[in-house]
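The structure under discussion is supplied below as structure tokens; questions concerning it will follow.
The values are calculated or read from the model by the stated rules, or taken from the named source; none is laboratory data. Model, not experiment: these values are computed from the prediction. FYI the Cβ positions are ideal-geometry reconstructions off the backbone, even for glycines, and counts take in every protein chain you see. The accessibility values were calculated without ligands, DNA or RNA, using every heavy atom of the protein model including side chains. Shrake-Rupley method; radii C 1.70, N 1.55, O 1.52, S 1.80 Å.
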2 protein chains.
Amino acid sequence: MTETLTSSGVRARPVAPAGHRRGVGIGELLLDGGFWGSLQQTNAHATLTHCLDWMERLGWLANFDHVAAGTTGGHRPGWQFSDSEVYKLLEAMAWEFGRTADPDSTEWSHLVRRIAAAQDDDGYLNTCYGHAGQAPRYSDLSTGHELYCTGHLLQAAVARVRTHGVDELVEVARRAADQVCREFGPDGRDGICGHPEIELGLVELGRALGEPRYTEQARLFIERRGRGTLAPIALLSPAYFQDDVPVREVAVWRGHAVRALYLAAGAVDVAVDTDDHDLRTAVERQWTRTVERRTYLTGGMGSRHQDEGFGDDWELPPDRAYCETCAGIASVMVSWRLLLASDDVRYADLIERTFYNVVATSPRADGRAFFYANPLQQREQGAPMQPDAVNPRAEGGARAPWFDVSCCPTNVARTLASWHTYAAFVDDSEGPAGPADGVPTVTLAQYASGDLRVAVGTGELALRVETTYPESGIVRIRVLEVPERPVALRLRVPHWAEGATLAASSVSSPGTEQPSNIMHPARTAHSVAPGWVEVPGERAAGDVVVLELPVTPRLTWPDPRVDAARGTVAVERGPIVLCLESVDLPAGIALEHVRIDTAAELRPYADGALVTARTVELPDGGTGVPPFSSGAAGACTGHDLPDGGAQNPIEVPLVPYHRWAERGPSTMRVFVPTD
Amino acid sequence: MTETLTSSGVRARPVAPAGHRRGVGIGELLLDGGFWGSLQQTNAHATLTHCLDWMERLGWLANFDHVAAGTTGGHRPGWQFSDSEVYKLLEAMAWEFGRTADPDSTEWSHLVRRIAAAQDDDGYLNTCYGHAGQAPRYSDLSTGHELYCTGHLLQAAVARVRTHGVDELVEVARRAADQVCREFGPDGRDGICGHPEIELGLVELGRALGEPRYTEQARLFIERRGRGTLAPIALLSPAYFQDDVPVREVAVWRGHAVRALYLAAGAVDVAVDTDDHDLRTAVERQWTRTVERRTYLTGGMGSRHQDEGFGDDWELPPDRAYCETCAGIASVMVSWRLLLASDDVRYADLIERTFYNVVATSPRADGRAFFYANPLQQREQGAPMQPDAVNPRAEGGARAPWFDVSCCPTNVARTLASWHTYAAFVDDSEGPAGPADGVPTVTLAQYASGDLRVAVGTGELALRVETTYPESGIVRIRVLEVPERPVALRLRVPHWAEGATLAASSVSSPGTEQPSNIMHPARTAHSVAPGWVEVPGERAAGDVVVLELPVTPRLTWPDPRVDAARGTVAVERGPIVLCLESVDLPAGIALEHVRIDTAAELRPYADGALVTARTVELPDGGTGVPPFSSGAAGACTGHDLPDGGAQNPIEVPLVPYHRWAERGPSTMRVFVPTD
């Protein structure tokens, strides 16, 4: 399946894994506004420059110049892994330039040149180790992050291959990958990196350049892991960096969430490209248990601040949810790989949940500040963020322009720039690896307004998707062009979308619903159950398909084992998790007074919902004992407030969680106590 | 008030603060068995040697020898603060030897000699800084812990003065304190230590040796704090070490709990000895808000693992409660100082809660393993602890013999060895600072079986206390000897003890209840309300007083703002918090199935309680979505299990929390869901 690209072009095809399903390429789907299109615009026009400016200002880019000039040894700004931020920004630029702009821009080549100049003759490239006044190469595999940084360099190069072709950056990456293979190959150093990422980069670059040695090296790294070879980090266990148990024996993800998820993504890539069914099954099993017991309603992963890590099963505190933005992105990366490998719709469902409620939550509307952690409750109202402040983790309920460890902004940037490549996939292989019935299938896994133009066999399927999803649940698809060979079209009905309907009008089947009134398909629509739904019949240019997903607000209850959310309920609307934000409450009423009346009707309200609530008085303090009281159950449960009590309920709006804290400091909760 | 002791003797009087109330001295109260007497025995016979052996084995003691021999510069075992563990052990030994053994033991003098040999000529004493191959003295005030270590040296010396007199250790401490005063005095370096403790040590040594310069130096450290002079620690805010806000402007404790509490204890000492009403009031205000909003039912403080710190108000997760043992001890230290300063019974109540449910929880029954963190819920059953394993923080539900940062074992040791000095206090000052009516008062603040023999004026009040408290709520006090001058006797009725009674028989008032049947005082007893209760009448030898506190099990409900405990209830019995431990459940039923029937009667059972419970089935997994489900409220709340459901409730025993995990690995919860 691998094809080596050497020419440029915005319509470049993706590099497919050995599996037969492939995501669409950078030019195969173009968004035009809407939820994700707008985020892409802001990312392109604000975030990329924002990240570049910060890294220039902090000297993280100049670190490369120092290596090139041989002037290392003085104070080196940034953590030991700051190079990776530069590479993630490069990856974002590759996707963005590939999508819209001149891929040969001066900005790109200038940046690549600075990086290339820092590469040692043998391919080693790192600004923190191995040069005058620095610790030796690979002298601290536990925390040095050298291979981690190289992995991100390789991923940037892969984005470049997929959007443009082989250029100077790709050659730099190739030399770096070769150096890694020599150093850590079967006859080399028996080591692994404390932060997985190199595995991903190697497999993807191997696919992009048709270089099986890279995949083999990734496989070695995967197999070496979990044998306790990494030197311990004080106060952290080997589970922190997944060096406690071999990958294929792991039951559930644990330790540092981003590390666990990057490793899992690399493991799926290796499993697919080496046809290792056992390894793939292991990761699928880990995914299932982790999603069912260690994943937030938002799709966020990581319950603990201490190690930015997974908690135990059912340990999902809303207030101390870590839900690192990067872990959300990494989760999407894993699910995407499993989706292509297995065709299981559950992976697409989780991707959607995570995109809307973690990834979209991080960037501020202007694209110049970010959440690092994404808790589901903010108990104390923070202070407004200083515009130029570096913040440890954007705690306190305000997005920060930059972080001490600033992994999230560039991760958001590369993800938004390539968002549409996660929206659809194609299964058009021939032979035994292809679809069962031999008919190529194009699947829309995520919905966004735009044009899809995807190569199927020798022809092209072109679709126009019109929707304001997720504000509306109506997705209208017009067939613009079909290939000669028949092609199946599949849509995703999300797991929450009970009551969805599908209506299809075909120009080749007169008498069915006409396009003119297809936006109101109630009478001719068929019910469709959650899962993949194949649009019946054959495609022809002019056909219109309308999928209607019920995005009315709904109550969502925590599993009784989620202790931290007992006695509360959340409200969702379509794929969007809503929240109650203090700025939406009447004067004099705080979040802690509100109890949702779950018997009352939920009503849509703007892009959120209106709920009926009762407000309660709370116990006075002043007794000097801990906040627990003995006696009758009612002693501590609060009494109705005169206004807003049981006799006089109030209506309060819930708003999309992903936009919280955009209206100034506030308190917030996703899970609201019930009556 | 300060008196300098130069002679030895187990009956040595305590060194009183400038305030007029003083705790009893090491020899004024002798326990004989019972809850705390047994713990003291185990501490004396097992824990002290255990700690000494570990520190010898790990080389923490040899660090002193290296400084003495001028052989520093090689690998130095232990963290930079390991000296403090040696000093805390010395403090424990001083208390213990003062109480029971030969205070001039060879063990003591040998240990002191090794430490003294490491002291520099100018009094500086630290094994990590300031010598060949080490960083310079005070070059890292944020994390170096030099003054912290010195503070513990000073506290050890104070214990020695209070139990024996001035000896070599005290002279070492005096020289160290003098060095600190020269270095950091009004004309010296304008610095503070990243970990408060020196303040405490200086004030106490100042009292013990009659040296006001030390108190003044402590005052300076207190006033300098909160002005952001400490160099930042990566990823932590200045609040971590209380350098964000000046001490007297702080509203509530925040940041690292042990740091915050040691600082507060030092601030009370300074406030009392400098008659600084404003500073004392500030700490009292901080205490009140912290206790009412940031303190666990156990008295534990610190909700976060990340920084071993306080959370926001109402952030009290049972599962991730940090509740460091040292923070519990530090909380007792603060409350004790405020109790003596104010006579407010609330402080004694919190001390009791914390002693029984945090301090007593840490050591294993054999005194050779300890909890570092004291969570109120254990969700996953851990593996048995390896007998010789060093554990980061004794997570996983098993006490560990030693820790990487091993502050808790020696802190437990010094606290248990001096426990009885927190049990009673005397107010016998004459003049305007004395008690209002001029009558000296002896107050029993904590109950334990033993003999109290306390100097009052020129005479002595001697009492024999007999009780199996807290298993029984009956405390029987026989007056053995009275001083010539009248003396008042006060007892504490804990805040939870509604329905307590007091009966007093006086040999000087014939006709009242006779000692022979005083253990059943129901008929002649008076009701007494929570708070201090003064025993009526005058004391005479032979008098008997019986206090009966209701220790029947009771339900305790979380404040509705404690989100993490919503929909649950705890059971307490007297001062003891109970818990449900998996080893007490019938086969086939896990903790997560149990719902307490709060309408059913609670019954005493051994030293715990029997509760009636219903068991519920829980949702199946396998859906591949996060553990939250939309739809009717019942969808996710579980169904009755055939056995133990609503039709067939079961009875389950709750056991004292402080003894959990003594019967092998288990899961555990203090807050149990209700019906």
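How large, in percent, is the carbon and sulfur part of the accessible surface of the protein assembly as shown at a probe radius of 1.4 Å?
Of the solvent-accessible surface of the protein assembly as shown, carbon and sulfur hold 51 percent.
Further question on the same structure: In nm, one decimal, shortest first: how far is the label point of B:ARG464 (7 Å from Cα along Cα to beta carbon) from the matching points in the other copies?
The answer, with the shortest distance listed first, is 10.2 nm.
I would also like to ask the following. Under the definition of partner shielding as Cβ atoms of other protein chains within 10 Å of a residue Cβ, what is the mean value for peptide B:286-296?
Mean partner shielding for this stretch: 3.
Rounded to the nearest 500 deg cm²/dmol, what is the calculated helix-only ellipticity per residue at 222 nm for chain A, with -39500 (n - 2.57) per DSSP H run of length n ≥ 4?
-9000 deg cm²/dmol
Take the Cα atoms of region A:302-418, build their convex hull, and give its volume per residue in Å³.
Looking at region A:302-418, the number lands at 110 Å³ per residue.
Looking at B:THR229, B:PHE241, B:LEU205, which one has the Cα that reaches farthest to the positive end of the dipole of region B:196-245 (charges on Cβ: Lys, Arg +1; Asp, Glu -1)?
B:THR229
Separation of region B:204-226 and region A:143-217 by C-alpha centroid, Å?
Going from one Cα centre to the other spans 60 Å.
Hey, what does the equivalent ellipsoid look like for chain B, semi-axes from the Cα gyration tensor as sqrt of 5 times each eigenvalue, largest first, whole Å?
Values for chain B, descending: 40, 35, 23 Å.
Let me ask something else. Once you have the Kirkwood Rh of the protein assembly as shown from its Cα pairs, apply Stokes-Einstein at 37 °C and 0.692 mPa s and quote D in µm²/s.
97 µm²/s
What's the buried accessible area, both sides, between A and B using a 1.4 Å probe, rounded to 100 Å²?
Details: alone 25010 and 25020 Å², together 44170 Å².
Approximately 5900 Å², summed over both chains.
Now a separate question. Could you tell me which of rounded, prolate or oblate describes region B:90-210, using a ≥ b ≥ c as the square roots of the eigenvalues of the alpha-carbon gyration tensor, with rounded for a/c under 1.5 and, failing that, prolate when a/b is larger than b/c and oblate otherwise?
Because a/c hits 1.5 or more and a/b exceeds b/c, region B:90-210 counts as prolate.
Moving to a separate point now. So how strong a dipole does the protein assembly as shown carry about its Cα centre when Lys and Arg Cβ are +1 and Asp and Glu Cβ are -1, to the nearest 20 debye? Don't jump to the answer; show the numbers that get you there.
Values: 122 positive and 178 negative charges, 67 e Å.
Rounded to the nearest 20 debye, it is 320 debye.
Residues of region B:327-365 losing 30 Å² or more of accessible area relative to the isolated chain, 1.4 Å probe, heavy atoms only?
Residues shielded by partner chains are B:ARG346.
May I ask you to report, in nm to one decimal and beginning with the shortest, the distances from B:ALA541 to the same position in the other copies, taking label points 7 Å along Cα-to-Cβ?
The answer, with the shortest distance listed first, is 11.8 nm.
Now a separate question. Indicate the residues belonging to region B:229-256 that lose 10 Å² or more of solvent-accessible heavy-atom surface (probe 1.4 Å) upon moving from the chain alone to the assembly of all protein chains, ignoring ligands and nucleic acids.
Going by heavy-atom accessible area, the residues of region B:229-256 that drop by at least 10 Å² are B:ALA234, B:LEU235.
When ligands, DNA and RNA are left out and all protein chains stay put, how many square angstrom of accessible area per residue does the protein assembly as shown have with a 1.4 Å probe?
Value returned for the protein assembly as shown: 33 Å² of accessible area per residue.
Another question about this same structure. Can you give the FRET efficiency to the nearest 0.05 for B:ARG213 and A:THR49, using r as the Cβ-Cβ distance and R₀ = 60 Å?
Details: r = 59 Å, r/R0 = 0.99.
That gives a FRET efficiency of 0.50.
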